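> After the structure tokens below, expect a handful of questions from me.
The values are calculated or read from the model by the stated rules, or taken from the named source; none is laboratory data. Just so it is clear, the structure is predicted and the values come from calculations on it, not from any experiment.
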Amino acid sequence: MRRGMRGRPMPRRMGRPGLLGTVARTAVVAGTATAVVGGVHRHQDQKTADQQAADAQQQQLADQQQQLDAQQQQLSQQAAAPQAPQQAVSPQAAAPGGEDRLAKIKELGQMRDQGLLTDQEFASEKARLLAT
């Protein structure tokens, strides 16, 4: 304890802190500010990562939907394809004559090459045309 001029103990000084107190207070404030800023940065980084993950998932779902739509369209085309050759083949049966049959067989070959007829369908129609 400090002693005054007359040797009596001096009461503790109240009021502004000394240099060491000011330095300590500044360090505490700076440390607190650093911790708060670090927490804010971590929070922002987490939000950014979450948003990127959500965007990636959204894109993946959109890609899957696009693939499903393409498959569905392809299946619809395949379902419609067998009907078209049958309709195209029906008038061919009524056509007599060698030249006409040859033209019909070439037409069937083109349809097979385009994927409208399977090899089996082509063979059966060709045999039917040659039999008439």
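> Quick check on my filter: what residues within the range 91-124 are modelled with pLDDT of 85 or more, among the acidic types (D, E) and more than 41 Å from the chain's Cα centre (by Cα)?
Within the range 91-124, D100, E107 meet the criteria.
> Being modelled with pLDDT under 85 and within 27 Å of the chain's Cα centre (by Cα) narrows it down to one of L68, L61, L75, so name that one.
L75 is the lone residue from the list that is modelled with pLDDT under 85 and within 27 Å of the chain's Cα centre (by Cα).
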